[in-house]
1. Given the conditions (1) farther than 22 Å from residue 348 by Cβ; (2) part of a loop (DSSP other than H, G, I, E, B); (3) touching a residue at least 24 places away in the same chain (Cβ under 8 Å), and given that residue 66 satisfies all but one, which numbered condition is not satisfied?
2. Just one of (1) assigned by TED's automatic domain parsing to the domain that holds residue 200; (2) in contact with a Leu (Cβ under 9 Å, 6 or more places away or on another chain); (3) surrounded by fewer than 21 Cβ atoms within 10 Å (Cβ to Cβ); (4) over 12 Å from residue 366 (Cα atoms) trips up residue 46, so point out which.
3. Going by the conditions given, is residue 290 outside any strand (DSSP E or B), within 29 Å of residue 68 (Cβ to Cβ), in contact with a strand residue (DSSP E or B) (Cβ under 9 Å, 6 or more places away or on another chain) and not β-branched (Val, Ile, Thr)?
4. Step by step: first the residues of the stretch 303-341, then only those that are of a type in the set (S, T, N, Q) and in a loop (DSSP other than H, G, I, E, B), then the one that is surrounded by the most Cβ atoms within 10 Å (Cβ to Cβ). Which residue is that?
5. So, in the stretch 265-287, exactly how many residues are over 33 Å from the mean Cα position of the chain (by Cα), surrounded by 19 or more Cβ atoms within 10 Å (Cβ to Cβ) and under 16 Å from residue 242 (Cβ atoms)?
6. Name the single residue, out of those in the stretch 129-142 being of a type in the set (A, V, I, L, M) and farther than 24 Å from residue 227 by Cα, that is modelled with the lowest pLDDT.
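The values are calculated or read from the model by the stated rules, or taken from the named source; none is laboratory data. Since the model is a prediction, treat every value here as computed from it, not as a measurement. In this analysis, Cβ positions are derived from the backbone assuming ideal geometry, glycine residues included, and neighbour counts consider all displayed protein chains.
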Amino acid sequence: MKLLEGIIVLDFSQYLAGPWAAVKLADLGARVIKIERAKGGDNSRRLKLCNLVIDGDSTVYHSMNRNKESYTADLRDPEDLEKVKKLIAKADVMIQNFRPGIMKKMGIDYENAKKINPGIIYASITGYGESGPLMKKPGQDLLVQAMSGIPWLNGNGDQNPTPIGLAAADMFTTMNIVEGILAAIIGRSKTGMGSLVEASLLESAIDLQFEVFTTYLNNNGAIQERSYVNNGHAYLGAPYGVYKTKDGYMAVSMGSITWLGSLIGSSKLEEYTDESEWFTKRDEIKQALADHLLNKTTREWLDILEPADYWAAKVNTIKEVVEDPELNYCDMIQEIERKNGTRLKTTRTPLRINGEKLFARKGAPVLGEDTDSINKEFNLN
């Protein structure tokens, strides 16, 4: 039995942060019913990466909606809305990420939902919060990353600010909202009452930078420049960064510069005996290291550094990650299947419970495929 079996989640959300949060709950055993518009459904069904569509839906949709049921409803239609309210009465958790005010217009905001079901745990995701001057601005990941300052941490000092090449704000918001939902489930077991759990992409993106914000706030407002050579972290000294080798790329993390020089045979690096210079002179140190690492292949360097436990690793492509048996020992790839037999491969939850890996074989639902059965089961007609 999975830990959240018996928990019913209504997923009103679309795109990424909300649906991905619902998947996390589904992977733990919750029953997730995705509430979608009859015409088109979740917009992520058409949000394509590399123009890839499988069985009529994008791989983005498939990856974020496995192990769910799809219930279609027009929330502006009184009859459909009444059916949804009956579902709310039976549910444990609601997740929504509409713009502020939309759910209130339809009469299923938290205040109304808890009248229907006092035990409901209502999770609300926004771009910038339910109030304030930014509340109506589109809560899109790239925009949020830009506004939070994240791009100023990435890329070299002479390059444009560089965003993280993933929907990092969305994904971190997912983790925050799931944390809040699980805490609220524990709280309800003690009080019998539900909770309103809120998270915004902007707050999550700022929290993601807790180390650098704390440093800035306690360093007399000094703004740290990015390294101009192989920047890996704007606030860390040499050798932290990614370096080109004779045949590829290698990441070198934290460690003694003089020891590194000794290991790789660089007398120039061995000259930097003052540890404070590893930060103040990081660019000249990193340039010397970068020049030296071009002389051997990644594997040759790792054969020197790994036995000495000096922190370094090969920079892999996705293809190399998928094909490397050592990296795949963790068994992170799973195959999911729709009711119609369509199959595709995706990742699994990284969690293990009592030593057991959690796989979800049920693929993302076709739009509305469970509407009739849910109407019948919950006596909604």
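1. The number of the failed condition is (1).
2. For residue 46, the failing item is (2).
3. No.
4. 316
5. Count: 1.
6. Result: 135.
So that you can scan it fast, the table gives a plain yes or no per residue for (1) of a type outside the set (Val, Ile, Thr); (2) in a helix (DSSP H, G or I); (3) touching a residue at least 60 places away in the same chain (Cβ under 8 Å):
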| position | (1), (2), (3) |
| --- | --- |
| 44 | yes, yes, no |
| 62 | yes, yes, yes |
| 80 | yes, yes, no |
| 100 | yes, no, no |
| 104 | yes, yes, no |
| 113 | yes, yes, no |
| 119 | yes, no, yes |
| 125 | no, no, yes |
| 135 | yes, no, no |
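Here is a yes/no grid of residues against (1) surrounded by fewer than 16 Cβ atoms within 10 Å (Cβ to Cβ); (2) of a type in the set (D, E, K, R); (3) touching a strand residue (DSSP E or B) at 6+ places or on another chain (Cβ under 9 Å); (4) not assigned by TED's automatic domain parsing to the domain that holds residue 171:
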site	(1), (2), (3), (4)
55	yes, yes, yes, no
64	no, no, no, no
71	no, no, yes, no
74	yes, yes, no, no
77	yes, yes, no, no
84	no, no, yes, no
91	no, no, yes, no
109	no, yes, yes, no
